[in-house]
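The values are calculated or read from the model by the stated rules, or taken from the named source; none is laboratory data. Worth saying up front: this structure is predicted, and the values here are computed from it rather than measured. Don't worry about glycine lacking a Cβ; one is built from the backbone with ideal geometry, like all the others, and counts go over all protein chains shown. Just so you know, the surface numbers come from the protein's heavy atoms only, side chains and all, with ligands and any DNA or RNA stripped out. Shrake-Rupley method; radii C 1.70, N 1.55, O 1.52, S 1.80 Å.
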Amino acid sequence: MRIKICGLSCAEDVQAAAAAGADALGFVFYPPSKRAVSIEQAAALLSAVPPFVQSVGLFVNPEAAFVRAVLEKVPLEVLQFHGQEEAAFCAGFGRRWIKAVPMQDLPDSAAVAQYCSTYAQADGFLLDAFGAQSNGGSGKVFDWKKIPAMSKALILAGGLNVENVAAAVKAVRPWAVDVSSGVESAPARKSFAKMQAFISQARAAAL
């Protein structure tokens, strides 16, 4: 079971997430988000990421020039797109990439499968409880029964926390889980105890 802690915005939380056992750390490059970081902040934060922990950059309908500016200074390994970006755009930066799927806007598994088919080049799909009115981080859970069989890595997000992650892992059997607000002690600040408990619950449920 792979686990990503997203929305990190300070060095203490980066170090705590890695110490808790996270496989990947997410950094938000979307200014309206309360968890957003600047290019300069992110470059400093990634210097605290230890070896063998992946760095993921989250974008929402960015300009190509902005993504390139980020990549010039921030050594991201994976890009995560949460907007209406086209597949060719997502694939154009020489990095592995995943596409967030707006489960709130998709009525059933067939619609989810159709949406994912338009991003066949993606390295994986992050299924989240967002839609046209939001871009993630809502703390809401979607109906897991809408998830179709998938040939690419399935990353489950959306309202996950210490209380429900075990049930989510057992029900969905995802490749990875992704959490942000569910392990926070305050807006945009992570709780080491919650991250430890979340990771422990997720890994135990995957056995």
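Starting from a Cα-only point model with no solvent, please compute log10 I(q)/I(0) by Debye for the chain at q = 0.08 1/Å.
-0.23
Need one number: % antiparallel among DSSP beta bridges in the chain, to the nearest 5.
Roughly 5 percent of the beta bridges in the chain run antiparallel, per DSSP.
To the nearest 10 square angstrom, what accessible area does E63 show with a 1.4 Å probe?
140 Å²
Using θ = phi - 60° and the Karplus curve 6.51 cos²θ - 1.76 cosθ + 1.60, what whole-Hz ³J(HN,Hα) does each residue of segment 145-150 get, with Gly and Pro shown as x?
5, 7, 7, x, 5, 10
Counting only the heavy atoms of the protein chains, how much of S9 is accessible to a 1.4 Å probe, in Å² to the nearest 10?
Surface open to solvent at S9 totals about 30 Å².
How much accessible area per residue does segment 2-206 have, counting only protein heavy atoms and a probe of 1.4 Å, in square angstrom?
Roughly 44 Å² per residue, with all protein chains present.
Over the chain, what percent of the accessible surface lies on carbon and sulfur atoms, probe 1.4 Å?
Of all accessible area on the chain, carbon and sulfur atoms account for 53 percent.
Quick check: net charge around K4, other residues with Cβ under 9 Å of its Cβ, Lys/Arg +1 and Asp/Glu -1?
That sum, taken over residues with Cβ under 9 Å, equals -1.
Can you pull the percent of Cα pairs in segment 64-165 with separation above 22 Å?
The share of Cα pairs beyond 22 Å in segment 64-165 comes to 31 percent.
For segment 88-191, what is the percent of antiparallel DSSP beta bridges, rounded to the nearest 5?
15 percent
Enumerate the calculated ³J(HN,Hα) couplings along segment 69-84 in order (Karplus 6.51 cos²θ - 1.76 cosθ + 1.60, θ = phi - 60°), each rounded to whole Hz, writing x wherever the residue is Gly or Pro.
5, 4, 5, 5, 10, 10, x, 6, 9, 9, 10, 10, 10, 10, x, 9
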